[in-house]
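Worksheet: one structure, shown below.
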Amino acid sequence: MKKKLIKEVKHSFKAHFKTKPCIVYSPGRINLIGEHTDYNDGFAFPAAIDKGIILAIDISGDDTCKIFALNKEELYEFRIEDVRPLENGGWRNYALGVVGELIKIGKVVGGFNAVFAGDVPEGAGMSSSAALENSFAFGLNELFDLGMTKLKMISISQKAEHNYVGVHCGIMDQYASMFGVKNSALLLDCRALESKPFKLDFKGYKIMIINTNVKHKLSESAYNERRAVCEKVSKLLQIDALRDAKQSDLHTIKKDITELDYQKALYILKENERAKNFSKAILKEDIQALGSLLFESHNGLSKEYQVSCEELDFLVDLAKNNVDVPGARMMGGGFGGCTINLVKKEGFKAFKQEVSNKFRAKFKKDCTVFSVKLSRGTQVIK
């Protein structure tokens, strides 16, 4: 977490509200592999990172809530009894959603003042939204002594996104942000909501994140459409979720669905296996196997699930043609955002330069290249 960001949030809160707040840090996340598997009750491999949301929050003393978004310099004020989704509400709906879902389950939430800021790039597939939701769920739980477990908090965050933002997300983002383990990724069983931490040491390799700084408008509607396809196929197979299907099962209903929908379901089945195989390759310290799984995942996301875009495919093709990069793939919901790359340490600087130059030449805009450290999950900062 960034000391400078914490200091700025504290200073802004003091300037706006004069009281001493509770400070919550909630991280964004990367996902090594297992994309779009969470809403199919499958397996994913996320990790919390050292970029996230800092929230300062305190009781206001009445039923009025004031939230200041420091990065945007926007103040939003509402009353507890008036909580509802806003049309084109942006960041406001994430906070309102958490409050609204808490009220829905009978939790008594009073008025509060809050300031937040973050350093997770928006629209990059690194879950700035889950970090924001979790920060409010955690902060309000502390402030009003709501007695919620972390599992209950992430359920509130997920429902906020479903019912106030309109994105029917799975649970991976909220889980990784809440339960992150330092220096580790989590093999997450999205049905059982249990995870096993794997300490990551790629020896002579580092994780590189490349942000296209592109977010195509199709992303949210396409995400919901993909989830609907998966649920339709599961219903035809008479199973709870695609996690329970085999490729042979899928073949029995191939005549009943379109080829596009068949390919999407097939991708989910393959990606679940890749997530489990990834954990085995980590234990064996098999860098080449890890890299191959990343490239296979991207190919599935691009060709079968069809959630990639020209910019993401371009970056992964650059990785494929570089001897210092054993694997790469797009990360997140799709149609923009980031790629995650496994890069040899001594080739990191050269690959960064190559990517920056060639992306700018191709698309007449800059991508952003950075590395991340793996972080603990959502927590109060003393």
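FYI, it's all coordinate maths here, none of it is from the lab. On a predicted model such as this, the values are computed, not experimentally measured, just so you know. All Cβ positions, even for glycine, are placed from backbone atoms using ideal geometry, and neighbour counts span all protein chains on display.
Worth pointing out:
- Among the trypsin sites (Lys or Arg not before Pro) found in the range 232-297, those both in a DSSP coil and sparsely packed, with 10 or fewer other Cβ atoms within 10 Å of their Cβ, are LYS246.
- HIS162 versus GLU273: modelled label distance in nm, points set 7 Å from Cα along the beta carbon direction: 3.0
- CD proxy at 222 nm, helix term only [per DSSP H run n ≥ 4: -39500 (n - 2.57); per residue of the chain; nearest 500]: -13000 deg cm²/dmol
- Gain on full stretching of the segment that runs from GLU225 to ALA15 - 0.36 nm per residue minus C-alpha separation: 71.2 nm
- For GluC sites (Glu not before Pro), the sites in the range 43-106 that DSSP calls loop and that have at most 12 other Cβ atoms within 10 Å are GLU73, GLU87.
- Degrees between helix 287-299 axis and first principal axis of the chain (Cα, 0 to 90, nearest 10): 80
- Farthest positive-ward along the chain dipole, Cα basis, beta-carbon charges - from PRO326, ASN93, GLY166: PRO326
- Taking Cβ atoms as reference points and 14 Å as the exclusive limit, the residues near ASP244 contribute a net charge of -2, counting Lys and Arg as +1 and Asp and Glu as -1.
- The spacing between the range 267-334 and the range 67-100, judged by their C-alpha centroids, is 36 Å.
- Three principal axis lengths of the chain [C-alpha, angstrom, descending]: 58, 51, 39
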